Each structure stands twice: as structure tokens, then as C-alpha cells.
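Since every read-out is calculated from the coordinates, none of them should be taken as a lab result. Model, not experiment: these values are computed from the prediction. Glycine also receives a Cβ, built like all others from the backbone with ideal geometry; neighbour counts cover every protein chain displayed.
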Amino acid sequence: MDPADYALAEDSGPILAVVHSHPDAAPLPSQADLVACERTGIPWFILGWPTEIWHFMTPKGYRAPLIGREFVHGVLDCYTLIRDWYQEVRSVSLLDFEDFARSFSGIGKAQARMLWQRGRRLVHLTVAGVGGRPIDADPDLIKKLRAALDLFRDPFQELVIESFDRRLFRVKLRVKVDRDHLREAVLQRVETALRDAFSFDARDFGQSLFLSEVMAVAQRAEGVVYVDVDHLYQDGKEEKLNDQLTAQPARIGDAGEVLPAQILLLSPLAVVPEAIP
């Protein structure tokens, strides 16, 4: 499911269940279905098509086996296998690193990933200060965070802590304003909605941006009839309309270097929606 569509559903109210289909197959849940059901924490309905036979399931603590698991990118892949192995065999959970860092004074956002670099495994922790402040400007904060983590973590597990990589994007759009609303007020609401939706507090590390998200945010502003996006692009790159802008999690670069997670935010430069006549 498109992340933007899922976010729109959440904006409409609490999500009560997930319904999806198995075309030309029985409605029995795959390992990926079971894992995804646990992640969402809500009931799932699976429809076999064209038999129209239904299967219903709820979260029950399922964990995919380490050996013999399916491969599904982003759900059951190489990264999740390493993560799950460390959690089950070594009792090392990346969520523990994230939760600890987020609760630490001065830290506003954190993301942990298990990486493999030149034959060694390491835990990489990308962090940001409160309000999106880069913590590399405050080396004492990194030292204090590491010292606190060292008291509780496995001393043989290598840990790398880095500040995040901020990436900015720009958007140029036109808005058809309902005739019963003031044009300037509607355009201001559109700009405010965009700034709120794509601010540091609202975005996650490694969260890519989709054109459909931008359109949906602008469309929800009161007094908007429809939206036409002309340009969506990342700062420093070609000014054009992109369907997606990618933000990367922490990873190993082409030269073998460790790279921190990126966060994609709306540029602080003026966003001036234009009214469609």
C-alpha cells in the first residue's frame, strides 16, 4: 500500500483493519502477511480472488523463522534477518537504542540500523537535537549519549553515533480557490499546511516523499477545489516535477564509508502557491 494512502486513511480516523487480496491464490497468510499484521497491531482480512473466500487474523506475537523465511523487500529481507538474529540470539534490539536515545535530554529524533562494513557488524545510530538541531555542533552531547549507552549495551557490539543528513526540497504549485473563500486566506492555509506536514517534527529519517503526499496535504486545506503541482525537486538538483524524492536511511556508501540517515524537509525559502484563475 502506498504510504501516502495509508497516511490519508489515518487522517480520516482510526484504522480498524487492513483488507487485501490474494489474486488467483488461497487467502492463507504468507510470512510477510503475518509480520505486517504484527507491525500494524490491528486485524487483517485476506480475500482470495476469484474464489471470494476470506481469511481473518489478528496479531498474536508471530515472528518469522530465522531459517526458511520468505524474501520480501522491506518486510523480510537481508536487513530484517540481521536485525531479527541480533534480537533473538544476542538480545540486541535496535529499538532499545532508539528508545534510549529519544528519551535522552537534548535528543529530538533517533534511528538505529544494523550495518555491515568491511567484514564487521556495527550498530549505527543517527540522531538529531531538539527541533532538528544538528548534534555535531554539540560534541559534548554525543559524548554524554555514548557514555550513557555504554552502561547498558553489549560492550563487544560496535556503536557509531552520527548527526543526521538534512536534505531540502522545493515545491511550486497552483491552487483553484473556491469562490466562497478569500483567495489570500486559502493560499496562506495551503502554505501553512505544507510547512506543518513536511517539518522536522512530522518527518522521519529515511522517509521518502511522494508527489501524492504533497497534493493530498494541499488539497485538504479549507477552500481548495483542486491542486496542480508544477515542480517538486530537491535543492541543488534539476527544477522539475518528480513523482518521488528519496531519503536514505543510514547505509554503507560506494566507497565503503558509513553514511548517516537523511531527512527530507520543505525548504525554509518562501512557498508561494499561485491561484488558478
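Overview of values
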| quantity | calculated |
| --- | --- |
| Formal net charge of residues neighbouring S208 (Cβ-Cβ distance under 13 Å; K, R +1; D, E -1) | -2 |
| Cβ-based net charge around A147, under 12 Å, with every Lys or Arg adding one and every Asp or Glu removing one | +2 |
| Low-density loop cleavage sites - chymotrypsin sites (Phe, Trp or Tyr not before Pro) in segment 188-249, where at most 13 other Cβ are within 10 Å (DSSP) | none |
| Farthest toward positive dipole pole in segment 1-121 [+1 Lys/Arg, -1 Asp/Glu at C-beta], among A32, V89, T58 | V89 |
| Positive-end residue, the chain charge dipole about Cα centroid, Cβ charges, pick of I67, V171, P23 | I67 |
| Most mobile of I46, I67, I161 in a GNM of the chain (Cα contacts under 10 Å) | I67 |
| Where trypsin sites (Lys or Arg not before Pro) fall in DSSP loop in segment 26-73, at most 12 other Cβ within 10 Å | K60 |
| Length-normalised contact order for the chain - Cα pairs under 8 Å, 6+ apart - percent | 15 percent |
| Proximal lysines relative to K109, as straight alpha-carbon distance under 18 Å, when same-chain residues fewer than 8 apart are discounted | K143, K144 |
| The chain: C-alpha gyration tensor shape, a/c 1.5 cut-off, then a/b vs b/c | oblate |
| Filtered chymotrypsin sites (Phe, Trp or Tyr not before Pro), segment 90-185: DSSP coil and at most 11 other beta carbons within 10 Å | F152, F156 |
